Amino acid sequence: MKSEKHPGDASCKQAPGIFVPVIDRNRCEGKGDCVPACPKDVFVIGVLPPAERNSLTWIGKVKGFAHGWKQAFMPNADACEACGLCVSACPEKAIKLARA
């Protein structure tokens with residue numbers, strides 16, 4: 001069951017800005033499971049810019065090419081309240097939470 005987006009979701013554990021999601025660019029395949037899972041609208045799916053592709057590992061480049069360079073991005077990372085739903089939703093285990 002997908003999380004509904006409610007302010008003050010009971011699953012959120014911290015105030016905004018204490019933790020932020022960190023995306024492993026070598027793992028992310030841009031499937032977008034994190035987007036509907038996040039009650040705070042932290043994520044969007046976009047295309048990894050060419051300048052950022054050079055830092056990927058060989059496997060990361062192959063995965064990126066195979067998936068059209070689609071990846072998750074966090075334009076609203078400062079809204080994260082550390083619920084961890086994105087971490088659980090990601091099939092590639094590409095998301096972790098870290099202190100801001």
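The values are calculated or read from the model by the stated rules, or taken from the named source; none is laboratory data. Keep in mind that what you see is a predicted model, and the values were worked out from it rather than measured. Reconstructed Cβ throughout: ideal geometry from the backbone, glycine too, with neighbour counts over all protein chains shown.
Points to keep in mind about this one:
- Qualifying positions in region 1-30 - of a type in the set (A, V, I, L, M, F, W, C) and modelled with pLDDT of 85 or more: Ile18, Phe19, Val20, Val22, Ile23, Cys28
- Qualifying residue in region 46-60 (condition: under 18 Å from Pro16 (Cα atoms), touching a Phe, Trp or Tyr at 6+ places or on another chain (Cβ under 7 Å), touching a residue at least 24 places away in the same chain (Cβ under 8 Å) and of a type outside the set (Ser, Thr, Tyr)): no
- Meets criteria (at pLDDT 95 or above, out of contact with any helix residue (DSSP H, G or I) (no Cβ under 6 Å at 6 or more places or on another chain), exposed (fewer than 15 other Cβ atoms within 10 Å of the Cβ) and assigned to a strand (DSSP E or B)) for Gly46: yes
- Qualifying positions in region 33-43 - surrounded by 17 or more Cβ atoms within 10 Å (Cβ to Cβ) and in a loop (DSSP other than H, G, I, E, B): Asp33, Cys38, Pro39, Lys40, Val42, Phe43
- Which numbered condition Lys93 misses (of (1) at pLDDT 95 or above; (2) surrounded by fewer than 16 Cβ atoms within 10 Å (Cβ to Cβ); (3) in contact with a Gly (Cβ under 9 Å, 6 or more places away or on another chain)): (3)
- Qualifying residue in region 49-68 (condition: at pLDDT below 95, in a loop (DSSP other than H, G, I, E, B), hydrophobic (A, V, I, L, M, F, W, C) and surrounded by 13 or more Cβ atoms within 10 Å (Cβ to Cβ)): no
- Cβ pairs under 8 Å, 6+ apart, first in region 75-100 and at positive phi, second part of a loop (DSSP other than H, G, I, E, B) and among the hydrophobic types (A, V, I, L, M, F, W, C): Ala82/Cys12; Ala82/Ile18
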